[in-house]
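The values are calculated or read from the model by the stated rules, or taken from the named source; none is laboratory data. From a predicted model like this one, the values you see are computed outputs, not experimental measurements. Note: ideal-geometry Cβ built from the backbone for every residue, glycine included; neighbour counts use all protein chains shown. Accessible surface areas use protein heavy atoms only, side chains included; no ligands, DNA or RNA. Shrake-Rupley method; radii C 1.70, N 1.55, O 1.52, S 1.80 Å.
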Amino acid sequence: MNLKKITSNRLLELRCGQGLNQAAIAELLTADVSSVSAWENNKYQPSPRYAGLIKTYFGLPYEEIFTFST
């Protein structure tokens, strides 16, 4: 995994593309709905643990989900 700081993500786009609401993705990731909302609104970014779970769930490389600082 890239150790640079995550600055934004495509979680909202990916979640909606699969027809999931925030509660459903939160349950799949064992996260709080408020955390999912904050991630989608770039209030803060997921921890490495959750970033890995998101990557695994959507089956995409980190670089296709997250934007990293330079």
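Descriptive notes on the structure:
- Out of Phe58, Phe68, sole residue that is over 12 Å from the mean Cα position of the chain (by Cα) and either in contact (Cβ under 8 Å) with a residue 12 or more places away in the chain or at positive phi (or both): Phe68
- Residues that are among the hydrophobic types (A, V, I, L, M, F, W, C) and assigned to a helix (DSSP H, G or I) are absent from the stretch 2-9.
- Selection from the stretch 26-54 of residues that are without any contact (Cβ under 8 Å) to a residue 24 or more places away in the chain and part of a helix (DSSP H, G or I): Ala26, Glu27, Val33, Ser34, Ser35, Ser37, Ala38, Arg49, Tyr50
- For the stretch 36-65, a tally of residues being open to solvent by 20 Å² or more (accessible area, probe 1.4 Å) and under 22 Å from Gly19 (Cβ atoms) returns 12.
- Counting only residues that are β-branched (Val, Ile, Thr) and either in contact with a strand residue (DSSP E or B) (Cβ under 6 Å, 6 or more places away or on another chain) or surrounded by 18 or more Cβ atoms within 10 Å (Cβ to Cβ) (or both), the stretch 1-34 holds 3 of them.
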